[in-house]
Amino acid sequence: MTPALQPHRIDLGDVVLRPFEQSDEAAVAEALRDPDILRWTAGTAVIRTPAAKRAARWLSPRVDAWARGNAIFAIADAGTDEVVGNVALRDVHRVPDQAVAAYWVSPVARGRGLGARALDAAARWGFAADGLGLHRISLDHSLINEGSCRVAGRAGFQLEGVMRDYYVEPSGERHDSHLHARLATDAVSAL
Ligand SMILES: CC(C)(COP(=O)(O)OP(=O)(O)OC[C@H]1O[C@@H](n2cnc3c(N)ncnc32)[C@H](O)[C@@H]1OP(=O)(O)O)[C@@H](O)C(=O)NCCC(=O)NCCS
């Protein structure tokens, strides 16, 4: 059982990290049109949902995720509040002092450092004594997802090893995955 979390907001200047709202459905629907977001982050239940209902299926458990111990942030444009991505710290304190990170950035917002900056900011808050007080945050990605590997490295998540056949696609295809992690005690330059 993971403890309930207080929803939180992090201001990064051009973007904010904030909890998802039901009104984000159209932006989430647009993001889920991207085959890579769908393939690597959506999960089998969402992928198997008819396309017209996928965004609602994805969004509803995330809007109230904080109460169930998952710090799920939308990455939103600071000017328009439009969702351009997602960074999550899941299963907070399920293993004491630990959490698991995940992220995506909408195709229109890629290539300007948002994925790495959002992951770094979420991790710093996760480690802070007045944040979540975590010691270790891990993440994994399929070996063929090079973009995810680069974001992880850029945000200070060191490569720890290869987990064989860890990631299973809805088709049943299995992939080896990299395990990365960042510790509260790691010296990571600000992004
Ligand atoms: C992977 C993803 C989050 C990258 O987001 P982004 O905001 O464009 O990434 P950034 O701009 O922060 O890039 C950080 C670094 O990764 C590199 N990078 C980003 N995408 C890359 C790609 N597809 N291939 C190779 N390198 C890539 C950047 O060049 C940058 O390198 P640098 O540190 O040398 O400057 C985004 O493409 C995405 O959402 N993909 C689909 C979902 C996904 O795979 N999520 C991760 C699941 S484990």
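Every number in this text was worked out from the coordinates using simple rules, so none of it is lab data. Remember, predicted model here, so these are calculated numbers, not experimental data. A quick note on method: Cβ atoms are made from the backbone with ideal geometry, for glycine too, and the neighbour counts reach across all protein chains shown.
In deg cm²/dmol and to the nearest 500, what is the mean residue ellipticity at 222 nm of the chain if only DSSP H runs of at least 4 residues count, each as -39500 (n - 2.57), divided by the residue total? Calculated at 222 nm, the ellipticity per residue is -7000 deg cm²/dmol. Each of the peptides 170-179, 79-88 was scored by the mean count of other Cβ atoms within 10 Å over its residues; in descending order, highest first, they stand as 79-88, 170-179.
Residues whose amide H lies under 5 Å from that of Asp97, counting only those 5 or more places away or on a different chain, are absent; hydrogens are built 1.01 Å from N in the peptide plane.
Put a plus charge on the Cβ of each Lys and Arg, a minus charge on the Cβ of each Asp and Glu, and nothing anywhere else: the dipole of the chain about its Cα centre is then about 240 debye. Each Cα pair under 8 Å and six or more residues apart adds its sequence gap; the mean of these over the residue count of the chain is a relative contact order of 17 percent.
Here region 3-55 is assigned +1 on the Cβ of each Lys and Arg and -1 on the Cβ of each Asp and Glu. Its dipole about the Cα centre then comes out at about 320 debye.
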